[in-house]
Amino acid sequence: MQGVLSVGVIGTGGIAQSHINAIKDLENIRLVAVMDIDPKRAEETAVKYGAEAYNQLEDLLTNPDIQAVHVCTPHSFHANQVVSAAEADKHVMVEKPMALTVADCDRMIDACDRSNKILMAGQVMRHYPVNLRIRQLIADGTIGRVGHLMRRRFSYFDPSQRGNNYQKWYLDLEIGGVCVLYCFGPHEYDILPWYLDSPVVEVYATGTESTKLYQGQKDSYTTIMTHQNGAVSVLSQSVVCHTGAHDQYIIGSQGSIMSTSQKLILNGKEVLVEGSASDGMKEQIREFANCCLTNQKPDANGRSVRHTMAVIEAAKCSAERKEPVQMSEFEPANR
Ligand SMILES: NC(=O)c1ccc[n+]([C@@H]2O[C@H](COP(=O)([O-])OP(=O)(O)OC[C@H]3O[C@@H](n4cnc5c(N)ncnc54)[C@H](O)[C@@H]3O)[C@@H](O)[C@H]2O)c1
């Protein structure tokens, strides 16, 4: 018998509701309390799910019934809240992006190591059934040696629009970071080395400020990544494209894969995959609870996702310098 993990959720906005709904449906985790700097939001969520409400982080972290926390706040708060939670002896699941700098990722990893606590980042796409199947097909050698992987993620993301579920902080560079890189990028840059089970060693990126929506930050990026195994990934992203796309082509020596988040085509024929991307949140939280209860390392653990965040930092740096950069610059040997 593994038991049940008692958790608190920090931030009660959009994604926190998805976390709480998943927690409600799982047998190995239960919600004890929520915390938000907006008292009304905290109270409403607490009443809806029968939890305690807090408005101060410290009050939630000193509750001895809470074994772990889910950090679901805007990006710039992640690092300090994770460090505080680890110092209060809580396991942590932090939403993407893990943090806005690699230096902050290191602080978070070190704090969790010191307290012997689990640190997992919300890389929910690692739990999409189609993505799990693609990774397996590549590992099994079904398409031979992967040479080239081309991926697109285009959307028009305007958090300032009325009726939009997203809040305006996503446009604020200090709080959200460069949106295309730190809001959508953590999913995209994470999945490529994960598919190939091969880290990125060199990054060459370029970006543009294509419209006035994201003033002072690039809203569209293309990044070419060379992996340790020699494969090349190309990722194109835009948050100001009026026609959406989220798909990829993976070309191997003996076959190829085309996919979207719900559909997989192997050598021109559709492969039926059970389950849907909407199961991802529940599966990642199930894994988090299991890992905390049995002291195992999650797949999207702090060190694994540090690599993702280092690739994003390298892409930003490459675009600024207008030249390729080596990942060794962002990944010292002791990390
Ligand atoms: N995995 C995904 O697909 C996915 C989707 C959406 C959002 N996210 C991530 O989830 C996180 C939250 O995004 P969101 O869209 O839910 O944001 P949101 O603005 O809807 O919610 C954030 C909540 O945090 C509260 N808050 C702000 N500062 C706080 C602080 N210092 N302490 C406690 N609470 C504070 C706000 O009052 C708000 O209720 C971000 O990291 C975002 O990138 C992930």
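A short reminder: the numbers here are calculations on the coordinates, not readings from a lab. Please read these numbers as outputs of a predicted model, since none were measured by experiment. Counting neighbours? That spans all protein chains shown, and the Cβs are built from the backbone with ideal geometry, glycine included.
When the chain is treated as a GNM with alpha-carbon contacts under 10 Å, the residue of T223, T62, T12 showing the greatest mean-square fluctuation is T62. For the chain, taking the reciprocal of the average inverse distance between every pair of different Cα atoms yields a Kirkwood hydrodynamic radius of 20.5 Å. Maximal additional length on extending the I265-D113 stretch stands at 50.6 nm, based on 0.36 nm per residue less the C-alpha distance.
Amide H contacts under 5 Å for Y54: V34, M35, D36, restricted to partners 5 or more places along the chain or on a different chain, H placed in the peptide plane at 1.01 Å from N. The calculated pair-distance distribution of the stretch 190-335 uses every alpha carbon pair, bins of 5 angstrom beginning at 0, and gives 2, 8, 13, 16, 17, 18, 15, 8, 3, 0 percent. Helix content alone sets the calculated 222 nm mean residue ellipticity of the chain: runs of n ≥ 4 DSSP H residues at -39500 (n - 2.57) each, divided across all residues, give -10500 deg cm²/dmol. When the charge dipole of the stretch 222-335 is built from unit charges on Cβ atoms (+1 for Lys and Arg, -1 for Asp and Glu) and taken about the Cα centre, the candidate among A314, H242, N229 whose Cα reaches farthest toward its positive end is A314.
Could you rank the peptides 100-111, 174-185 by their average count of other C-beta atoms within 10 Å per residue, with the highest value first?
Working: 100-111: 19.7, 174-185: 21.6.
Per-residue mean Cβ counts within 10 Å order the peptides as 174-185, 100-111.
Considering only the Cα atoms of the stretch 159-233, their convex hull presents on average a projected area of 5.8 nm². Under 5 Å between amide hydrogens, built in the peptide plane, is the criterion, and for V201 it picks out T226, H227, Q228 among residues at least 5 positions away or on other chains. Compared with the dominant Cα axis of the chain, that is its longest principal axis, helix 78-87 is turned about 50°. Between the Cα long axis of helix 39-49 and the first principal axis of the chain there is an angle of about 90°, rounded to the nearest 10.
The Stokes-Einstein estimate for the stretch 242-316, based on a Kirkwood radius over Cα pairs and taken at 37 °C with 0.692 mPa s viscosity, is a diffusion coefficient of 210 µm²/s. Phi-derived couplings, Karplus 6.51 cos²θ - 1.76 cosθ + 1.60 at θ = phi - 60°, listed residue by residue for the stretch 108-123: 5, 4, 4, 5, 5, 4, 4, 8, 6, 10, 6, 10, 10, 9, x, 8 Hz, with x used for Gly and Pro. For the stretch 173-198, backbone nitrogen atoms closer than 20 Å to the point 7 Å from D158 Cα along Cα-to-C-beta are found at 173, 179-181, 183-184.
In this structure the amide hydrogen of R153, modeled in the peptide plane, comes within under 5 Å of the amide hydrogens of S236, Q237, S238, none closer than 5 places in sequence on its chain. Spin-label model, R303/T142: points 7 Å from Cα along the beta carbon direction are separated by 3.0 nm. Taking 28 Å as the straight-line reach from the Cα of K218, the lysines in range (excluding those fewer than 8 positions away in the same chain) are K96, K168, K316, K322. Whole-Hz Karplus values for the stretch 24-32 come out as 4, 8, 9, 8, 9, 8, 9, 8, 9 Hz, taken residue by residue from phi with 6.51 cos²θ - 1.76 cosθ + 1.60 and θ = phi - 60°; glycine and proline positions read x.
Given the Cα-Cα distance of N63 and T211 and 0.36 nm per residue of separation, how much length would full extension add, in nm? The partial results should precede the final answer.
On the way: separation 148, 0.36 × 148 = 53.28 nm, distance 4.66 nm.
Length gained, N63 through T211: 48.6 nm.
Sequence-ordered 3J(HN,Hα) estimates for the stretch 242-258 from the Karplus curve with 6.51, -1.76 and 1.60 and θ = phi - 60° stand at 6, 10, x, 8, 8, 7, 7, 10, 10, 10, x, 5, 10, x, 8, 10, 10 Hz, glycine and proline given as x.
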